[in-house]
1. Could you work out the helix-only [θ] at 222 nm for the chain, with each DSSP H run of four or more residues adding -39,500 (n - 2.57) and the total divided by the number of residues, to the nearest 500 deg cm²/dmol?
2. Given charges of +1 on the Cβ of Lys and Arg and -1 on the Cβ of Asp and Glu, with all other atoms neutral, how large is the dipole of the chain about its Cα centre, in debye to the nearest 20?
3. Please report how many Lys pairs in the chain have alpha carbons closer than 14 angstrom, counting only residues at least 8 apart along the chain or sitting on separate chains.
4. Can you give the Kirkwood hydrodynamic radius of the chain from its Cα pairs, in Å with one decimal?
5. How high is the relative contact order of the chain, in percent, counting Cα pairs under 8 Å that sit 6 or more residues apart?
Amino acid sequence: MNCPKCSAEFETISFNDIEVDRCTGCKGLWFDVLKKDDLLKIKGSESIDIGDKQVGESYRDMRKIQCPKCSRPMLPMVYTGFI
């Protein structure tokens, strides 16, 4: 599966048995909203967010992207904290 923003491959990472897809290029995180909510409750889970803030901001304006799993249009959401 490839990142819909930079086209690099995803790697699957796990934190407390919660799996998240992280782009090997831009380091963007891709996961279900419920997984994000679960991760935000766990101390230390911010360690999976290793992306550079400037790189993330450079992709922020991309609005027309397809889901890397089902190819449907995604709704843009920006979270300025970790994850």
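1. Numbers: 2 runs with 15 residues, N = 83.
Helix-only estimate at 222 nm: -4500 deg cm²/dmol.
2. On the way: 13 positive and 13 negative charges, 68 e Å.
With only Lys, Arg, Asp and Glu charged at Cβ, the dipole is about 320 debye.
3. Numbers: Lys5/Lys27; Lys5/Lys64; Lys5/Lys69; Lys27/Lys53.
Lysine pair count for the chain: 4.
4. On the way: mean 1/r = 0.0757 Å⁻¹.
Roughly 13.2 Å, rounded to one decimal.
5. On the way: 96 pairs, mean separation 21.0, N = 83.
Across the chain, relative contact order equals 25 percent.
Any read-out appearing in this document is the output of simple, stated calculations on the displayed coordinates, not a laboratory observation. Just so you know, these numbers come straight off a predicted model, no measurement behind them. As a convention, Cβ positions derive from the backbone with ideal geometry for all residues, glycine included, and neighbour counts pool all protein chains shown.
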